[in-house]
Amino acid sequence: MEKVKTSRAPEAVGPYTQAIKSNGFLFISGQIPIDPHTGKIETFTIEGQAGQTFRNIRAICEKAGTSIEKTVKTTCFLADMRDFSKFNDVYTTYFPGLPARSCVAVKSLPPQALCEVEAIVEL
């Protein structure tokens with residue numbers, strides 16, 4: 001196993017790493033819409049937060065030497081399922097290959113986060 005870390009995605013806020021390379025795959029920890037330059041959530045719409053979350057995932061993929069287009073599975077967490085359609089609109093611009101996916105509603109996410117996404121990506 002090899003840890004992956006980039007300054008182009010937010011620092012881990014707990015006892016975990018941004019991602020792990022293992023057996024031909026990249027396992028990306030749940031990403032929330034923190035802007036890596038400010039360390040804060042800078043947008044408060046689901047569209048803006050989804051975009052930042054996916055940019056963080058893309059940056060981790062690039063650091064690992066792969067591409068977001070090689071994503072095989074995502075798990076998406078939404079603070080409000082009423083955002084499902086708007087979230088999907090942004091999702092399809094970053095994942096046009098439509099990887100396997102689960103999407104669930106959660107009671108809450110870290111402060112002001114409307115979404116969180118983890119991913120498994122082929123190396």
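The values are calculated or read from the model by the stated rules, or taken from the named source; none is laboratory data. These numbers come from a predicted model, not from an experiment. Quick reminder, even Gly has a Cβ in these numbers, built from the backbone with ideal geometry, and neighbours come from all protein chains shown. Heads up: the accessible areas ignore ligands, DNA and RNA and are worked out on the full protein's heavy atoms, side chains in. Shrake-Rupley method; radii C 1.70, N 1.55, O 1.52, S 1.80 Å.
Sub-8 Å Cβ pairs linking a first residue in the range 102-123 that is closer than 16 Å to Ile28 by Cβ to a second residue that is open to solvent by less than 60 Å² (accessible area, probe 1.4 Å) and of a type in the set (Asp, Glu), at least 6 apart or interchain, are Cys115/Asp83, ordered by first then second residue. Within the range 1-21, the set of residues being within 17 Å of Glu122 (Cβ to Cβ), open to solvent by 30 Å² or more (accessible area, probe 1.4 Å) and without any contact (Cβ under 8 Å) to a residue 60 or more places away in the chain comprises Met1, Glu2, Ile20. Of all the numbered requirements in (1) touching an Asp or Glu at 6+ places or on another chain (Cβ under 7 Å); (2) without any contact (Cβ under 8 Å) to a residue 60 or more places away in the chain, Pro96 misses one, and that requirement is (1).
Restricting attention to the range 23-37 and to residues that are without any contact (Cβ under 8 Å) to a residue 60 or more places away in the chain and open to solvent by 70 Å² or more (accessible area, probe 1.4 Å), the residue that is farthest from Ala113 (Cα to Cα) turns out to be Asn23. Of everything in the range 85-122 that is small (Gly, Ala, Ser) and assigned to a strand (DSSP E or B), the residue that is least open to solvent (accessible area, probe 1.4 Å) is Ala119. Scanning the range 38-76 for residues that are closer than 24 Å to Met1 by Cα, open to solvent by less than 30 Å² (accessible area, probe 1.4 Å), outside any loop (DSSP other than H, G, I, E, B) and of a type in the set (A, V, I, L, M) yields a total of 4. Taking the range 18-35 as the range and being part of a loop (DSSP other than H, G, I, E, B) and under 13 Å from the mean Cα position of the chain (by Cα) as the test, the residues that pass are Gln18, Ile32, Pro33.
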